[in-house]
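As structure tokens, the structure follows; a few thoughts come after it.
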Amino acid sequence: KAGVTQTPRYLIKTRGQQVTLSCSPISGHRSVSWYQQTPGQGLQFLFEYFSETQRNKGNFPGRFSGRQFSNSRSEMNVSTLELGDSALYLCASSLQVGGTDTQYFGPGTRLTVL
Amino acid sequence: AQKVTQAQTEISVVEKEDVTLDCVYETRDTTYYLFWYKQPPSGELVFLIRRNSFDEQNEISGRYSWNFQKSTSSFNFTITASQVVDSAVYFCALSEVAYNQGGKLIFGQGTELSVKP
């Protein structure tokens, strides 16, 4: 079974631009969570989607948004990019929402904001 | 408030040594899950183990073992006879079930393990 895939793997943007990252979960998984990883803040939860609904959200500004499609694929969008948004963005999928299921991670998208 | 603490930022050992990575957590919930993930230089987080709050049995998987103690809120990870391929950053994480928090993992800061030949 294929794992979680994320595209693109690397991205370079300039301040003020916006970016969209994509995540395809493991087949059959219905929950997708997004995380930001930076050297200073570590791994931080952004949001989680289940059946096209946002079920949980972390403490990030409204510039960070996401959505999930009927096939469980998810996208996250960051508008008006800032230098501090440079990070590794990780997507994880699990069978369903809830702590009973393990989250499996994709390889990440490394975003650099210049 | 929920929190995961990995006090060891970096550990360096020589191959074949045993090494223990510490993890201490805080949670207000009685039902929760604890995880360990490995992050090699490639960046992808690799799942190692999940443990729920009602199961305090220790677990062994090959050279890996985990010690879960609710009394001390700790979930420590031991690698026996370490190998160079074990070099990576290891993360401990917590997931609370109540209030729809199950899809949110709270991570510790990670422990970078370096195993030298």
Legend entry - Members of the stretch A:20-44 that are small (Gly, Ala, Ser) and under 12 Å from the mean Cα position of the chain (by Cα): A:22, A:24, A:31, A:33
Inset, instruction - Could you please find all residues in the stretch B:106-117 being part of a loop (DSSP other than H, G, I, E, B) and either under 16 Å from the mean Cα position of the chain (by Cα) or charged (D, E, K, R) (or both)? - result: B:108, B:109, B:110
Legend entry - Subset of the stretch B:36-61 (residues that are more than 22 Å from residue A:39 (Cα to Cα), out of contact with any Ser or Thr (no Cβ under 6 Å at 6 or more places or on another chain) and modelled with pLDDT under 95): B:49, B:51, B:52, B:54, B:55, B:56, B:57, B:58, B:59, B:60, B:61
Legend entry - Residue selected from the stretch A:41-71 under the condition facing chain B (nearest Cβ under 10 Å) and in a loop (DSSP other than H, G, I, E, B), by the criterion nearest to residue A:110 (Cα to Cα): A:41
Legend entry - Scan of the stretch B:86-105 for residues that are modelled with pLDDT of 95 or more, more than 7 Å from every other protein chain (Cβ to nearest Cβ) and not in a loop (DSSP other than H, G, I, E, B), ordered by number: B:86, B:88, B:89, B:90, B:92, B:93
Inset, instruction - Would you please name the residue that is surrounded by the most Cβ atoms within 10 Å (Cβ to Cβ), looking only at residues in the stretch A:65-84 that are among the polar types (S, T, N, Q) and within 11 Å of the chain's Cα centre (by Cα)? - result: A:74
Legend entry - Neighbours by Cβ (under 7 Å, 6+ apart or cross-chain): first from the stretch B:29-56, buried (at least 18 other Cβ atoms within 10 Å of the Cβ); second assigned to a loop (DSSP other than H, G, I, E, B) and among the charged types (D, E, K, R): none
Inset, instruction - Starting from the stretch B:64-83, keep only residues that are touching a residue at least 40 places away in the same chain (Cβ under 8 Å), then list their pairs with residues that are acidic (Asp, Glu) and part of a strand (DSSP E or B) whose Cβ atoms are within a distance under 8 Å, requiring at least 6 positions of separation or different chains. - result: B:73/B:26
Legend entry - Condition broken by residue A:105, with the remaining ones in (1) without any contact (Cβ under 8 Å) to a residue 60 or more places away in the chain; (2) of a type outside the set (D, E, K, R); (3) within 23 Å of residue B:4 (Cα to Cα); (4) surrounded by 13 or more Cβ atoms within 10 Å (Cβ to Cβ) satisfied: (1)
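The values are calculated or read from the model by the stated rules, or taken from the named source; none is laboratory data. Since we're looking at a predicted model, the values are computed, not measured. Note that we place each Cβ from the backbone using ideal geometry, even for glycine, and neighbour counts take in every protein chain shown.
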